[in-house]
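Heads up: the structure comes next, in structure tokens.
The values are calculated or read from the model by the stated rules, or taken from the named source; none is laboratory data. Bear in mind the structure is a predicted one, so any value in this text is a computation, not a measurement. FYI the Cβ positions are ideal-geometry reconstructions off the backbone, even for glycines, and counts take in every protein chain you see.
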Amino acid sequence: MSQQPDLIEFDDDDAIEFIINRLPKALRSRISEDDVQYVLDLICDFYEKNNLIEDEEVEEATIAEDDMFRYIDGIMRKENVIELTEEELRTILDGEYEYGKSIGIYTEED
């Protein structure tokens, strides 16, 4: 009997709290939970658009961080829902990456 590896559950609420808690104090008053949720949604859109997530399969994939940044930044500017500087967006993306590492979704490349 073979065992399927457990799928790791990404919890948006936990991720948002994790990311907000990692923000420098100067950014905490500027970046809201809704802003972080919006960026998380765009990250998911990027993964889906690039076939990087499959509900039934667990496969390792390499994510081009610069491509993801450009995609999210472009959509943000086009939709004009929130305004973040490049540094603020990178800070949120870094927080999402650190959250993902903390729950085992991401691993460091050697």
Quick check: is even one residue across the stretch 83-94 modelled with pLDDT under 90 and not aromatic (Phe, Trp, Tyr)? no
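I want to confirm something. Restricting to the stretch 77-103 and keeping residues that are of a type in the set (Asp, Glu) and under 18 Å from residue 17 (Cα atoms), which single residue is surrounded by the most Cβ atoms within 10 Å (Cβ to Cβ)?
The first filter runs over the stretch 77-103 and keeps only residues of a type in the set (Asp, Glu), leaving 79, 83, 86-88, 94, 96, 98.
Then keep just the ones that are under 18 Å from residue 17 (Cα atoms); that gives 88, 94, 96, 98.
Working: 88: 18, 94: 13, 96: 23, 98: 14.
If we take residues in the stretch 77-103 being of a type in the set (Asp, Glu) and under 18 Å from residue 17 (Cα atoms), then 96 is surrounded by the most Cβ atoms within 10 Å (Cβ to Cβ).
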Please list, ordered by first then second residue, the pairs with beta carbon atoms under 9 Å, 6 or more apart or interchain, first in the stretch 11-29 and closer than 18 Å to residue 89 by Cβ, second part of a loop (DSSP other than H, G, I, E, B). 19/31; 20/31; 20/32; 23/30; 23/31
Could you please find all residues in the stretch 69-110 being in contact with a Lys or Arg (Cβ under 9 Å, 6 or more places away or on another chain), not in a helix (DSSP H, G or I) and not acidic (Asp, Glu)? 84, 107
